[in-house]
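**Q** Handing you this structure, nothing more for now.
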Amino acid sequence: MKKELRLTVNGQPYELYVKPKTLLVEALRDHLGLTGTKRGCNESACGACTVILNGMAVKSCSILALQAGGGEVLTVEGLARGTELHPLQKAFLDHGAFQCGFCTAGMLMSAKALLGENPKPAKEQIKEGIDGNICRCTGYNSIIRAVTAVAKGEYKEEK
Amino acid sequence: MIRDFEYFAPKTLKEALTLWDKYGDESKIIAGGQSLLILMRQGLVAPEYLIDIKGVSELNYIESDSKKGLRIGALTTHRTIEKSPVIQDGFIVLAEMERRLASIQTRNWGTIGGNICHADPAGDPAPVLIALNATLTTASLKGERNMAVEDFCLDYFETALEHGELLTEIQIPAAPPHTSTAYTKFNVIESDMATVGVAVSITLGSSDGICQDIRIALGAVAPTPMRAKQAEAALRGKKITDNLLKEAGEIASTEVEPISDMLASEEYRRELVRVLVRRVGKEALARAKQA
């Protein structure tokens, strides 16, 4: 039996009907077509599905969509403003912080949540901030360099 | 693949208890679901009814009183505990434990009560809470019960909760003077559960430095979190030296009943207990001297 789910995703309010067993990642990808969020291990280990729910990084494969009811979700699609990339996205490009790119959406969202809590993280804190995200190409150093560059203010957020 | 279920999201403890009492064995309680959803996805748990208590806000709090100690609502998230100034101030070992529990994402959504009720012997909070001499409160439509955290876990994934009963609160008593607690776990990947977890709490006499009380709690080495009571007895009433701690580690390694799995063999777990009891005991002792 489907249930009503109201939530805001990237500033846009949605009302959908989902089976209770629907996971947040499924609601985003399969119901709303927001496929930027990746489904990796599907068991809370890899972090590819990380989104920001009510300001907190969470693994969307391990939350029922209904538990996000009434909440505000930010996915990777919500980072850019129009055609203007988010500072983190620009820094990831400049520092080559991708190899296959599968972890990127999750990495960006964990980094965004980290900078929201702590705008000037030290290197160790950046490592800790992306501790829940696995890059199977092992491209961690370039990711850490990209986040460091944003933290140092090398990429200003355009208003 | 998760099987379909009927879903309820009570907003008050009363509503939750009523539903839980009604659906009992056919249902499961979900809080943060960071453990349960994995089991459901693996098909190991397939409830007919899921009662989601994450929104029962009356069970989400941290309250502290210098005499009575700390009270933590069962639905407080790991991350809230980790970041709480009250806990960082007076119960730092809890914040240290939380900081190494799973990943930030999991700690943001998972709850302390859910972790304890999941009763995985490799869970981080239980050994620390047992070392801290913590108690807990359960509630059902019939009323409340109180018990020590060390009496709560009965077997692998089994707790003392009876039909219709929910864990509502964890209490940590204010520590006696010159008391301190330390915890560490051995794991290969930082965000993994413990291969072996060790928590040690030591109370020293005010002037003589004699060990008045000690609690050694171990995780992932038995069907439930357990105390190494013989190792404790070897230290209680004595002035703790490195040699005595070494001896306590050896005793503890014979008290445990670990299994072999993909993370470690039984022998290796015993070895870890031997080493970590000594190491964590040393840390707790150093802290107690300063407390």
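**Q** May I ask you to list the residues in region B:38-64 that are more than 12 Å from every other protein chain (Cβ to nearest Cβ) and assigned to a helix (DSSP H, G or I)?
**A** Residues satisfying the conditions are B:S57, B:E58, B:L59.
**Q** Looking at B:R227, B:R145, which is the one that is at pLDDT 95 or above and farther than 18 Å from B:R274 by Cα?
**A** B:R145 is the lone residue from the list that is at pLDDT 95 or above and farther than 18 Å from B:R274 by Cα.
**Q** Among residues belonging to region B:72-97 that are touching a residue at least 40 places away in the same chain (Cβ under 8 Å) and not in a helix (DSSP H, G or I), point out the one that is nearest to B:G55 (Cα to Cα).
**A** B:L75
**Q** For region A:116-133, give me each residue that is closer than 18 Å to B:R99 by Cα and within 17 Å of the chain's Cα centre (by Cα).
**A** Once the filter is applied, which keeps residues that are closer than 18 Å to B:R99 by Cα and within 17 Å of the chain's Cα centre (by Cα), region A:116-133 yields A:E117, A:N118, A:I126, A:K127, A:E128, A:G129, A:I130, A:D131, A:G132, A:N133.
**Q** Here's a follow-up. Tell me which residues, restricted to region A:104-121, are out of contact with any Ser or Thr (no Cβ under 9 Å at 6 or more places or on another chain) and either assigned to a helix (DSSP H, G or I) or buried (at least 20 other Cβ atoms within 10 Å of the Cβ) (or both). Give the steps one after another, and end with the answer.
**A** First, pick out the residues of region A:104-121 that are out of contact with any Ser or Thr (no Cβ under 9 Å at 6 or more places or on another chain): A:104, A:111-112, A:114-120.
Of everything in region A:104-121, those that are out of contact with any Ser or Thr (no Cβ under 9 Å at 6 or more places or on another chain) and either assigned to a helix (DSSP H, G or I) or buried (at least 20 other Cβ atoms within 10 Å of the Cβ) (or both) turn out to be A:T104, A:A111, A:K112, A:L114, A:L115, A:G116, A:E117.
**Q** Filter region B:121-141 for residues that are in a loop (DSSP other than H, G, I, E, B) and in contact with a helix residue (DSSP H, G or I) (Cβ under 9 Å, 6 or more places away or on another chain); which is farthest from B:E96 (Cα to Cα)? It would help to see each step written out before you state the result.
**A** Taking region B:121-141 and keeping what is in a loop (DSSP other than H, G, I, E, B), we get B:121-124, B:132-134, B:141.
Filter once more, so that each one left must be in contact with a helix residue (DSSP H, G or I) (Cβ under 9 Å, 6 or more places away or on another chain): B:123-124, B:132-134, B:141.
Details: B:G123: 14, B:D124: 11, B:L132: 14, B:N133: 17, B:A134: 17, B:L141: 36 Å.
Step by step, filter region B:121-141, then rank; the result is B:L141.
**Q** On to the next question. Which pairs have Cβ atoms under 6 Å, sit 6 or more apart or on different chains, and link a residue in region B:131-150 that is farther than 17 Å from B:G114 by Cα to one that is of a type in the set (G, A, S) and assigned to a strand (DSSP E or B)?
**A** Short answer, once both residue conditions are applied: B:A131/B:A199; B:A131/B:S201; B:A131/B:A217.
**Q** Within the bounds of region B:24-33, is there any residue that is away from chain A (no Cβ under 11 Å), at pLDDT below 95 and on the phi < 0 side of the Ramachandran plot?
**A** In the first step, residues of region B:24-33 are kept if they are away from chain A (no Cβ under 11 Å); the result is B:24-29.
Those left that are additionally at pLDDT below 95: B:24-25.
Still in the running and on the phi < 0 side of the Ramachandran plot: B:25.
Within region B:24-33 (the criterion being away from chain A (no Cβ under 11 Å), at pLDDT below 95 and on the phi < 0 side of the Ramachandran plot), the answer is yes, since at least one residue qualifies.
**Q** Also: Over 23 Å from the mean Cα position of the chain (by Cα) and within 12 Å of another protein chain (Cβ to nearest Cβ): is that true of B:A16 in this structure?
**A** no
**Q** Do any strands (runs of 3 or more DSSP E) entirely within region A:1-92 hold 1 or more residues that are surrounded by fewer than 23 Cβ atoms within 10 Å (Cβ to Cβ) and more than 10 Å from chain B (Cβ to nearest Cβ), and if so, which?
**A** Passing ranges, in order: A:3-9, A:12-18, A:72-74.
**Q** Within region B:47-98, restricting attention to residues that are among the aromatic types (F, W, Y) and crowded, with 17+ Cβ neighbours inside 10 Å, which residue is nearest to the chain's Cα centre (by Cα)?
**A** Among residues in region B:47-98 that are among the aromatic types (F, W, Y) and crowded, with 17+ Cβ neighbours inside 10 Å, the one nearest to the chain's Cα centre (by Cα) is B:F91.
**Q** With respect to A:A48, is the statement that it is closer than 23 Å to B:L50 by Cβ and either of a type outside the set (S, T, Y) or in contact with a Gly (Cβ under 7 Å, 6 or more places away or on another chain) (or both) true?
**A** So A:A48 does not fit the description; no.
**Q** Among all residue pairs at least 6 apart or on different chains, which show Cβ distances below 6 Å where the first residue, located in region B:271-286, is in the same structural domain as B:A217 (by TED's automatic domain parsing) and touching a residue at least 12 places away in the same chain (Cβ under 8 Å) and the second is among the aromatic types (F, W, Y) and surrounded by fewer than 24 Cβ atoms within 10 Å (Cβ to Cβ)?
**A** B:L272/B:F186
The values are calculated or read from the model by the stated rules, or taken from the named source; none is laboratory data. Small disclaimer: the values here were computed from a predicted structure and weren't measured. Cβ coordinates were reconstructed from backbone atoms using ideal geometry, including for glycine residues, and neighbour counts include every protein chain displayed.
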